[in-house]
1. From the set of residues in segment 15-37 that are farther than 16 Å from residue 100 by Cβ, within 8 Å of the ligand (Cβ to nearest atom) and assigned to a loop (DSSP other than H, G, I, E, B), which is farthest from the chain's Cα centre (by Cα)?
2. With the requirement that a residue be surrounded by 18 or more Cβ atoms within 10 Å (Cβ to Cβ) and over 16 Å from residue 149 (Cβ atoms), what does segment 208-222 give you?
3. With (1) buried (at least 18 other Cβ atoms within 10 Å of the Cβ); (2) touching a residue at least 60 places away in the same chain (Cβ under 8 Å) as the list, and residue 186 as the residue in question, which single condition is left unmet?
4. So residue 46 fits all but one of (1) free of Cβ contacts under 8 Å to residues at least 40 places away in the same chain; (2) farther than 23 Å from residue 171 by Cα; (3) away from the ligand (no atom under 13 Å from the Cβ); what number is the exception?
5. Name the residue, out of 109, 143, 154, that is within 13 Å of the ligand (Cβ to nearest atom) and more than 30 Å from residue 244 (Cβ to Cβ).
6. So, restricting to helices (runs of 4 or more DSSP H) that lie completely within segment 95-212, which ones have at least 1 residues that are farther than 19 Å from residue 13 by Cβ, at pLDDT 95 or above and over 14 Å from the mean Cα position of the chain (by Cα)?
7. Residues 40, 59: which one is in a helix (DSSP H, G or I) and either more than 14 Å from the ligand (Cβ to nearest atom) or touching a helix residue (DSSP H, G or I) at 6+ places or on another chain (Cβ under 7 Å) (or both)?
8. Considering only segment 43-53, state which residues are farther than 24 Å from residue 88 by Cβ and out of contact with any helix residue (DSSP H, G or I) (no Cβ under 7 Å at 6 or more places or on another chain).
Ligand SMILES: NC(=O)c1ccc[n+]([C@@H]2O[C@H](COP(=O)([O-])OP(=O)(O)OC[C@H]3O[C@@H](n4cnc5c(N)ncnc54)[C@H](OP(=O)(O)O)[C@@H]3O)[C@@H](O)[C@H]2O)c1
């Protein structure tokens, strides 16, 4: 169901072919989107082509579209590609958000920037992972995101930086979640029993961001679930909800390069809880699994090569 609200701001979503961008557009027909290399199927929304490395093209687009809110879902989200191409990761994950933040500040536009839970802290206690915790980066992806958070809020103190982790359907997604849902008998997956997180179903995040677009909110927030779960238990529930007979093996996060954090869960920002009811992880998994079209299939060999942030 599409949300249609004539009082809502004029929203420009950057990165509409990605998982979050696609779901934001799909749920809100008035939202305008940008694509880069990959196309999006016709959702009925206005779509423009944009390479965010060009400030001039971004400025021209803003002049043309006149949004009141920009939501940046563009990013280099593949942790291994960030590691092998640190300069490109810095350009897309830090420099581009800072440029957008500055332009939005100059023009008095609201700006939402997505960040991550992919940070390490000194203790693995959810209560010690708040908006004021000093996090550390374990790899290039998390480093570019930590730099980004500081630089965006310095350039535009009225911006909103949303730390999150999410799972769900999008036509282009080759995420671990998509691989599990579309798996077949004979496929085998490893679920890490030593990695913990508290993600949202992408539709819950879409509803939260849509609700945030209608109120005054600035600074850094944690849009995550109340339930903390291991990646192994998460994968068990996904396979069960999908009714597939793929096998799941319990494993430990490999000590391979690039280094990844074991405990990702963030303490949710309390003020967000009144905006949108967040169901249990199990309910969100079932909702997202049911959003997959029955014919949705892609090569799992291709999919297994991808190691993005989140799922
Ligand atoms: N997925 C998760 O669970 C998760 C977890 C924590 C945080 N996040 C953050 O949430 C945000 C959205 O993540 P996502 O998973 O939805 O991303 P995604 O699916 O990887 O999509 C990223 C988008 O960025 C676009 N893009 C790449 N280079 C571009 C360029 N030079 N100019 C314009 N667009 C460009 C891509 O378009 P093309 O493919 O056409 O190049 C793609 O549509 C990111 O900031 C990510 O770090 C995600």
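1. Filtering first and then ranking leaves 37.
2. Within segment 208-222, 208, 209, 210, 212, 213 qualify.
3. The failed condition is (1).
4. (2)
5. After ruling out the rest, the residue left standing is 143.
6. 96-107, 140-155, 176-181
7. Just one listed residue meets the conditions, 59.
8. Within segment 43-53, 44, 46, 47 qualify.
The values are calculated or read from the model by the stated rules, or taken from the named source; none is laboratory data. Given the structure is predicted, the values throughout are model-derived calculations rather than measurements. Heads up, the Cβs are rebuilt from the backbone with ideal geometry, glycines too, and the neighbour counts pull from every protein chain shown.
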